[in-house]
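The structure under discussion appears below in the form of structure tokens.
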Amino acid sequence: MARKPGSSPSAMKARAGKTAAAMAPAGAGATAAAAPAAPKKRTSPVQFFREVRAEARKITWTTRKETWITSVMVFIMVVMASLFFLAVDGGLGLAINQLLKLATAR
């Protein structure tokens with residue numbers, strides 16, 4: 001089977017190099033890619049909990065009505081799925097029993 005043009009390992013490395021060069025910030029050379037990332041600024045526990053509280057304020061909770069409607073819909077879907085699988089299981093069981101009766105009747 002013939003290879004697609006440009007699928008050799010050297011061609012893929014060349015494309016990866018071009019992509020990395022295009023995505024690098026302006027003025028960054030090959031040495032910037034090899035340099036380790038700057039250490040992250042540490043956050044104090046107080047600042048951490050302030051940020052957690054700020055994010056917690058953004059949470060929107062569902063209303064009691066929305067929760068009730070969703071729960072009822074989940075219950076209905078579970079009942080429908082269980083009836084479907086009951087029917088499939090019964091049909092397959094009946095088919096297997098008929099095949100086994102045919103096989104043992106000889």
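The values are calculated or read from the model by the stated rules, or taken from the named source; none is laboratory data. Nothing here was measured: the structure is a model prediction, and the numbers come from that model. Neighbour counts run over all protein chains shown; Cβ positions are idealised from the backbone, glycine included. For accessibility, only protein heavy atoms count, side chains too; no ligands or nucleic acids. Shrake-Rupley method; radii C 1.70, N 1.55, O 1.52, S 1.80 Å.
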Inset, instruction - Provide the per-residue ³J(HN,Hα) series for region 78-83, in order, calculated from phi with Karplus coefficients 6.51, -1.76, 1.60 and θ = phi - 60°, each as a whole number of Hz, with x at glycine and proline positions. - result: 5, 5, 5, 5, 5, 5
Legend entry - residue 69-residue 88 pseudo-label distance in nm [points 7 Å out on the Cα-to-Cβ vector]: 3.0
Legend entry - Phi-based couplings in Hz for region 37-48 (Karplus 6.51, -1.76, 1.60; Gly and Pro marked x): 5, 5, x, 6, 6, 6, 10, 6, x, 5, 4, 4
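If you roll a 1.4 angstrom probe over the protein chains with everything in place, what fraction of the accessible area of region 40-106 belongs to carbon and sulfur, to the nearest %? Can you show the working numbers first?
On the way: 4800 of 6900 Å².
In region 40-106, the share of accessible area belonging to carbon and sulfur is 70 percent.
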Inset, instruction - Run the 1.4 Å probe and let me know the accessible area of residue 99, rounded to the nearest 10 Å². - result: 110
Legend entry - Proximal lysines relative to residue 18, as straight alpha-carbon distance under 25 Å, when same-chain residues fewer than 8 apart are discounted: 4
